[in-house]
Amino acid sequence: MEQRNLWALLAINFGAAVYWQVENFWINLYWTREINDSAFNVSLMVSISAIVGVLTHIFIGALSDSSKSMFGRRRVFILWGGMLGAGFMALFPLIKLALPDVALALLLAIILDILITFFGDMTTPTRIALITEHSVKQERGRINASLAVAMGGGSGLVMLIYTFDFLEDDGYFYMASAWMIIGSLVCIYLIDDPPIPDNELTFSKCITRIINKESYRENRDFYHLLILLFIIMLGNNTYLHFVYIYAEKGLGFNQSQVGLMGVINMIMISAISLPLLAVSDRVGRKPVSIITIVLSCIPLVLLSFQPIPDPWMMATCSGCAAGFVTANNLTLQSWLQDLCPPTMKASLLAYIMVFSVIPMAPGSLLGGFIADSLAVPPSLYSPAFFGIAALIMGISVPGLARVRETVIRHVDE
């Protein structure tokens, strides 16, 4: 990959990581701090935004593949998505104006989260397509690892600021807006995205090709791997949205301790996932995918047995789980990019995000229900959702063993 394109993708991934960390992490805590403690209300926001994300990925992926814009097929969506998403992110603190009417506050939060998700996700299938268009199979794992560093840096920045309490609660939304704008502008300035004014693909043709039986027959392994990704993300979302809420409200950790957990998680994500992605370029996607699933389930099972009151132990277990889950997700992404036909990159690769986002609804609802309903006083939440998450993710292992390997193993002579 050319350095100019790599820097463009690093910029948008960093900005998007700050944006989505605030959307996924801070909005949940913001709600429990500023409005009420209901985990179900949090899961409701997550579920509805997930549905919006699914539709956005399919719609924007097809629009991007069929675009004839002189500005480029990908850049126009990154520009408008980044700018408008940032604007609505900055408006989220207005939900407090609805208090003491919690129902009205929830309605406003859902509407704003829908807009944040829709416009933010305009940048998602387009940047995934750019990664695939500007990389080759032999370097794809390492490229995704480099971009993961940028995303880890963006997420880590949010957690570092949270740990040391550098911002007021509303300030996180303004920070996310600023970084999304910066990342989007740098990306569209640097990225190589030539227009295709005579593009033969149309929006309807893209939609038809990704849902017909012929596409499935031609790309059977691609679709099978998507189903396995769905199962893995279902388990992931059963616990992911409640880790920090559980630590703060269930275990009684203070803000510095919760922030420390977040920083350790970001460090462990990089330390675990980066070398494993490089390994997947050499030994194959399949063994790395299977091993990372097994290793991510072990700490989740440990967390489910009983509350861990020590912040360091909690951070270590959650960090190991996060690291191996991230390594697995990025390896599956590289595997799906390998299996994707070249003419339908944004349309079909949008399915990576679709099958990653759809499980947010049932997964978060399941996790929220378990956390609330199985709680043993005085704790507000039960840790049982960790074990259920591990069980669901473990189901994917036999299926992963059956998908076609795309990397020819290097043998030293």
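The values are calculated or read from the model by the stated rules, or taken from the named source; none is laboratory data. Just so you know, these numbers come straight off a predicted model, no measurement behind them. Glycine also receives a Cβ, built like all others from the backbone with ideal geometry; neighbour counts cover every protein chain displayed.
Worth a mention:
- Qualifying helices (runs of 4 or more DSSP H) (wholly inside the stretch 2-78; at least 2 residues being hydrophobic (A, V, I, L, M, F, W, C) and either at pLDDT below 85 or touching a strand residue (DSSP E or B) at 6+ places or on another chain (Cβ under 8 Å) (or both)): 39-65
- The test for being modelled with pLDDT under 75 and surrounded by 21 or more Cβ atoms within 10 Å (Cβ to Cβ) holds for Ser347.
- Among residues of the stretch 227-250, those that are at pLDDT 80 or above, out of contact with any Gly (no Cβ under 9 Å at 6 or more places or on another chain) and surrounded by fewer than 21 Cβ atoms within 10 Å (Cβ to Cβ), counted: 2
- The single condition among (1) surrounded by fewer than 24 Cβ atoms within 10 Å (Cβ to Cβ); (2) under 30 Å from Ser280 (Cα atoms); (3) over 18 Å from the mean Cα position of the chain (by Cα); (4) modelled with pLDDT of 85 or more that Ile111 does not satisfy is (2).
- Residue in the stretch 270-292 that is β-branched (Val, Ile, Thr), in contact with a Cys (Cβ under 8 Å, 6 or more places away or on another chain) and either without any contact (Cβ under 8 Å) to a residue 40 or more places away in the chain or outside any helix (DSSP H, G or I) (or both) present: no
- Number of the exception - Leu302 against (1) buried (at least 22 other Cβ atoms within 10 Å of the Cβ); (2) at pLDDT 85 or above: (1)
- Of the residues contained in the stretch 231-252, one or more are found to be in a loop (DSSP other than H, G, I, E, B) and under 28 Å from Ser47 (Cβ atoms).
- Some residue of the stretch 140-149 being out of contact with any helix residue (DSSP H, G or I) (no Cβ under 7 Å at 6 or more places or on another chain), of a type outside the set (S, T, N, Q) and farther than 15 Å from Thr331 by Cβ: no
- Among the residues making up the stretch 147-204, those that are within 16 Å of Trp26 (Cα to Cα) and among the acidic types (Asp, Glu) are Asp165, Glu168, Asp169, Asp170.
- Set Gln255, Gln333: member being touching a helix residue (DSSP H, G or I) at 6+ places or on another chain (Cβ under 9 Å), touching a residue at least 24 places away in the same chain (Cβ under 8 Å) and surrounded by fewer than 24 Cβ atoms within 10 Å (Cβ to Cβ): Gln255
- Odd one out for Asp121 among (1) assigned to a helix (DSSP H, G or I); (2) more than 17 Å from the chain's Cα centre (by Cα): (2)
- Checking each residue in the stretch 69-104 for being closer than 15 Å to Tyr172 by Cα and either crowded, with 23+ Cβ neighbours inside 10 Å or over 28 Å from the mean Cα position of the chain (by Cα) (or both) picks out Gly85, Ala86, Met89, Phe92, Ile95.
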